[in-house]
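The values are calculated or read from the model by the stated rules, or taken from the named source; none is laboratory data. This structure is a prediction, so every number in the text was calculated from the model and none was measured. Note: ideal-geometry Cβ built from the backbone for every residue, glycine included; neighbour counts use all protein chains shown. The accessibility values were calculated without ligands, DNA or RNA, using every heavy atom of the protein model including side chains. Shrake-Rupley method; radii C 1.70, N 1.55, O 1.52, S 1.80 Å.
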Amino acid sequence: MTTAYERVQAARRKGRPTADYYMQRLFTDFLEMHGDRRYGDDPAIVAGVGRLTGRPVTVIALEKGVTTEEKISRNFGSAHPEGYRKALRQMKLAEKFRRPVVCIIDTAGAFCGVGAEERGQGQAIAENLMVMMGLTVPIITVFIGEGYSGGALALGVADRVWMLENAVYSVISPEGAASIVWKDAGKATEACEALHMTAQDLLACGMAERVFSEEDGDFDKVCSALGTALADELVALSALDAETLTVKRYARFRAMGGEET
Amino acid sequence: MINKALFKKPNNRLEGEQEAARDAEPTVVCAECKDTLPRAAVAGTDFVCPRCGTPLAMGARERIRWLTDEGSFQETETGHRAVDRLGFPGYAEKLVKAQRDSGEPEGVLTGLAAVDGEPCALFVMEPYFIMGSMGAVVGEKITRLFELATQECLPVIGYTVSGGARIQEGMFSLMQMAKTSGAVLRHSEKGLLYAAVLTHPTTGGVVASFAMEADVILAEPKAQIGFTGPRVIEQTMRQKLPPGFQRSEFMLQKGFIDRIVPRNAQKKELSMLLKLHGRGGRA
Ligand SMILES: [Zn+2]
């Protein structure tokens, strides 16, 4: 059996495809749109419009980067407030032009730093959560690697959350949990298990709807399965009227951690 | 790998709940000047440090007593108790201690109240319960309060204090950010007022959800307000923090809060806000 720690290692493995790999294979005619119109452009988030099996979709991805140089320029996929605000702008355009939103997540969390705080990291994430809760077009979020904290959730308020076999999604990174709970970052292995952060854990408690096989590392095959599933699911979700869609989306999260009374 | 713990029914009342042990404590420490004060010296007042003027930590129940019209507070959703869904090491013991420290079963109190004659729905987070950390019960109770206020066409006043997510509840904690945001949105769409008062400290997942989603965001003086706490930024980024970083005064200057309101003006300003925005009831 694969342990949670092994899944985290796989999600972080050098050479594992980042968001760009999936975007190249899933979407055609993709045009990247830059900037939040308020402060700047955050390279940790790639956003724009393209086609999925011919149909226009808005795509928003947390991109860690592949080469060292690119990783640095993309801040290792940790977004600043301007990144979340760029995503928000694109989501509002998706609503205007009645096209669904596909988010791809791979991040160690929202960036923590003086600038991010000064520009309102908390406010930026909060606004995304509230706007996504009411967005009247379908949203599907796919976790392809790591996803931690509000920095992942800020693109995760979706109608469907899908995860790759070795993707992980957690309230905090295992190292962060270990250093806060046990004052010992070295206990990350234990934290991986304790946090219940694997795709399989989240499927079991209804926080993810589907887990995709990684086909023993054949990621072209993964893309092909993902593409078919996205196309089918977006057709199904697009059949729902705006009211039904947002009511169901709220109900999806409303049930999490609630009490049966 | 299906974990049976995830399906545990959330009904197990925790053993060892006790009545407020904290009220018996004779002293209170000022977070700013570290002065230790006899509790009797500030009880019955606005609860500010007589030496430096900083607002002192106030338990949720005593804040409600201080803020609301006498006899007006009707508590709602009193039966919720945290569930150790993940079987997280040490969590059950931590909950027992938090209940002893705070004299409350969980990290937030909710209810209906009147402030200066103005009816409202009110939530007040509890600093003595793991520093208002957001677990499933906190999210659920706040969500239910917003749903009740939406149904009854009432404005919401919320006092926040939080160290952030309750890590021991894992993803169940993170999801409360989305859940509460959905409830705030539905309340807002009905044209109803939500005013938040951010107290020291309001950080992490609470800042990145309902604390920053209010129509009017007030803050107590000198409160720490931010997504990532200053120590984490200093340690991980080795960045020197500017003076007053993340304090209310700093956040006001950066444009993220509307007003800083000292304790002795809060009741008056909140009742003015309630009157200025009407009682709702438009829907
Ligand atoms: Zn003092």
- prompt: Binning every alpha carbon pair distance of chain A at 10 Å from zero, what are the percents per bin?
  reply: 7, 32, 39, 19, 3, 0
query: Based on the mean of other beta carbon atoms within 10 Å per residue, what is the order of B:134-142, A:217-225, most packed first?
result: B:134-142, A:217-225
query: How much accessible area per residue does the protein assembly as shown have, in Å², with a 1.4 Å probe?
result: 39
task: Would you calculate, for chain B, the mean residue ellipticity at 222 nm contributed by helices, counting each DSSP H stretch of 4 or more residues as -39,500 (n - 2.57) and dividing by all residues, to the nearest 500?
output: -10000 deg cm²/dmol
statement: Here the whole-number average of other chain Cβ atoms within 10 Å per Cβ of A:247-254 is 4
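Among the complete DSSP H segments of chain B, which ones combine at least 18 Å of alpha-carbon extent along their axis with a mean Kyte-Doolittle hydropathy of -0.5 or more? It would help to have the intermediate numbers written out before the result.
Working: long enough: B:136-152 (24 Å, 0.16); B:170-189 (30 Å, 0.07); B:263-276 (20 Å, -0.61).
Qualifying helices, which must be both long enough and hydrophobic enough, are B:136-152, B:170-189.
Using a Förster radius of 22 Å, what is the FRET efficiency between A:Arg89 and A:Phe30 based on their Cβ-Cβ separation? Nearest 0.05, please.
On the way: r = 17 Å, r/R0 = 0.77.
The calculated FRET efficiency here is 0.85.
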task: Provide a list, ordered by number, of residues in the stretch A:123-144 showing at least 30 Å² less accessible area with every protein chain present than when their chain is taken on its own, using a 1.4 Å probe.
output: A:Gln123, A:Ala126, A:Leu129, A:Met130, A:Met133
task: Sequence neighbours fewer than 8 away in the same chain don't count; with that in mind, list the lysines whose C-alpha is under 16 Å from B:Lys275.
output: B:Lys267
field: Shielded by partner chains, the stretch B:204-218 residues - at least 20 Å² of accessible area, 1.4 Å probe, vs chain alone
entry: B:Ala208, B:Met212, B:Glu213
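Using DSSP, restrict attention to beta bridges with both residues in chain A and report what percent are antiparallel, rounded to the nearest 5.
Values: 12 of 30 bridges.
Given both bridge residues lie in chain A, the antiparallel proportion sits at roughly 40 percent.
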query: Name the residues of the stretch A:103-124 whose amide N is less than 19 Å from a point 7 angstrom out from the Cα of B:Glu249 along the C-beta direction?
result: A:118
Gap separating the Cα centres of the stretch A:1-57 and the stretch A:179-250, nearest whole Å: 15
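Say R0 is 35 Å: what FRET efficiency, to the nearest 0.05, do A:Leu240 and B:Leu276 get from their beta-carbon distance? Let's see the in-between values first.
On the way: r = 39 Å, r/R0 = 1.11.
Approximately 0.35, to the nearest 0.05.
Per-residue mean of other chain beta-carbon atoms within 10 angstrom of the beta-carbon, peptide A:109-119? Let's see the in-between values first.
Details: counts 1, 3, 3, 10, 5, 11, 1, 5, 16, 10, 3.
That works out to 6 on average.
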field: Under 5 Å, built H, 5+ apart or other chain: amide partners of A:Gly145
entry: A:Val168
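Ballpark to the nearest 100 Å², how much total accessible area do B and A bury together, probe 1.4 Å?
When B and A are taken together, about 4800 Å² of accessible area is lost.
What does the average come to when, for each residue of peptide B:87-97, you count the partner chain Cβ atoms lying within 10 Å of its Cβ? Numbers along the way, then the final one.
Numbers: counts 2, 6, 7, 3, 2, 0, 0, 1, 0, 0, 0.
Mean partner shielding for this stretch: 2.
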query: Modelled label-to-label distance, B:Arg100 and B:Glu189, 7 Å Cα→beta-carbon offset: nm?
result: 4.6
task: Take a quick pass over the stretch A:4-254 and tell me how many lysine pairs come in under 24 angstrom between Cα atoms, counting only ones 8 or more apart or on separate chains.
output: 10
Simple label model, 7 Å out from Cα along Cβ direction - B:Thr27 to A:Lys14, nm: 5.5
field: Between the stretch B:233-261 and the stretch B:56-102, the alpha-carbon center distance in angstrom
entry: 28
- request: Please sort A:89-100, A:234-245 by packing, taking for each peptide the average over its residues of neighbouring beta carbons within 10 angstrom, highest first.
  value: A:89-100, A:234-245
